[in-house]
1. Might you check whether a residue that is of a type in the set (Gly, Ala, Ser), in a helix (DSSP H, G or I) and within 22 Å of Glu129 (Cα to Cα) occurs anywhere in the stretch 45-66?
2. Sort through Arg188, Arg213 and tell me the only one that's of a type in the set (Lys, Arg) and over 25 Å from Phe104 (Cα atoms).
3. Go over the candidates Pro138, Pro227, Pro214, Pro207 one by one and state the one that is over 16 Å from the mean Cα position of the chain (by Cα) and within 20 Å of Val63 (Cβ to Cβ).
4. Please go through the stretch 106-129 and give me each residue that is within 18 Å of Ala200 (Cα to Cα) and either surrounded by fewer than 18 Cβ atoms within 10 Å (Cβ to Cβ) or among the acidic types (Asp, Glu) (or both), ordered by number.
5. Of the numbered conditions (1) touching a His at 6+ places or on another chain (Cβ under 7 Å); (2) surrounded by fewer than 19 Cβ atoms within 10 Å (Cβ to Cβ), Arg155 fails exactly one; give the number of that condition.
6. Restricting to the stretch 171-182, and then to whatever is closer than 9 Å to Phe145 by Cα and part of a strand (DSSP E or B), can you tell me which residue is modelled with the highest pLDDT?
7. Could you please find all residues in the stretch 183-216 being closer than 12 Å to Phe146 by Cα and acidic (Asp, Glu)?
8. Under 8 Å between Cβ atoms, at least 6 apart or on separate chains: pull out the pairs that start in the stretch 35-63 with a residue that is within 30 Å of Gln117 (Cα to Cα) and loosely packed, with under 15 Cβ neighbours inside 10 Å and end on any residue that is charged (D, E, K, R) and modelled with pLDDT under 95.
Amino acid sequence: MQYRVPSTTALTTGSESRGPYASTGALLLLSLILVGCGTTAVQVTSGDFPSPVVDPMPLQLGVHFTEEFRRFRLEESVPQRGDWAIDIGVAQVNMLLAVLPGMFERVVEVDSIEPGQIPTSLHAVLVPEVKEMQFAIPFQTRSNFFEVWIRYEMRLLEPSGDLIASWPVTAYGKTRSLMLETAEAAVRDAAINALRDAGAFLAIGFPRQEELRPWLERELAAFDASPRGE
């Protein structure tokens, strides 16, 4: 059985869609006013992250989560609305651990990417990094949406530690303010939607990345030539 590399196509995410709306709900407006008195802490620790509906590649992948990635927090001050602290570290790890096993035959966590520490049985190791995160509340956008944007850099390494390729993954999530009773819950929901968007974009886009094609074609050709691929 041969695994074919998909042809390169233009990829889009929810980050391209926007839509202005009118007012916010009374409860949310009150919660946003109260936010101005201190720091609003948003803990995003869980979410429903489905496995992607794609054909798994017959490859064994390692994934390395740095401490910074595991504990990622965005801290930002919103004029007239106080300080915000949004923790997505746990949730983004959970998202990748839900998505990657649907993309590859086997996925294992790798504690270190130092030379000699990566198992040679793996075809590659993925190292994700948050390069930028932003959020917006209705007070800022004059809409009734809470919005979250995340930009990742994905690095794929050889078992030797050498870089195969790096590429961006962008994500966008939003929640209508009228659907939830607190600003914290609305931002949390928007962040979860952004993480789902990132997972979908990663799953669909991975085999179509131009930077990955030489490596991917080589590894899949080796699989096709093996007894398992015949």
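The values are calculated or read from the model by the stated rules, or taken from the named source; none is laboratory data. As the structure is a computational prediction, the values presented were derived from the model and not from experiment. A quick note on method: Cβ atoms are made from the backbone with ideal geometry, for glycine too, and the neighbour counts reach across all protein chains shown.
1. no
2. After applying the criteria, what remains is Arg188.
3. Working: Pro138 fails: within 20 Å of Val63 (Cβ to Cβ); Pro227 fails: within 20 Å of Val63 (Cβ to Cβ); Pro214 fails: within 20 Å of Val63 (Cβ to Cβ).
None of the other options fit; the residue is Pro207.
4. First, pick out the residues of the stretch 106-129 that are within 18 Å of Ala200 (Cα to Cα): 107, 126-129.
Hit for the stretch 106-129 is Glu129, nothing else.
5. Unmet for Arg155, out of (1) touching a His at 6+ places or on another chain (Cβ under 7 Å); (2) surrounded by fewer than 19 Cβ atoms within 10 Å (Cβ to Cβ): (1).
6. Going through the stretch 171-182, the residues closer than 9 Å to Phe145 by Cα turn out to be 174-178.
Within this subset, residues satisfying the condition of being part of a strand (DSSP E or B) are 174-176.
Details: Lys174: 95, Thr175: 92, Arg176: 88.
Checked the stretch 171-182; the qualifying residue modelled with the highest pLDDT is Lys174.
7. Glu184, Asp189
8. Close Cβ pairs satisfying both conditions: none exist.
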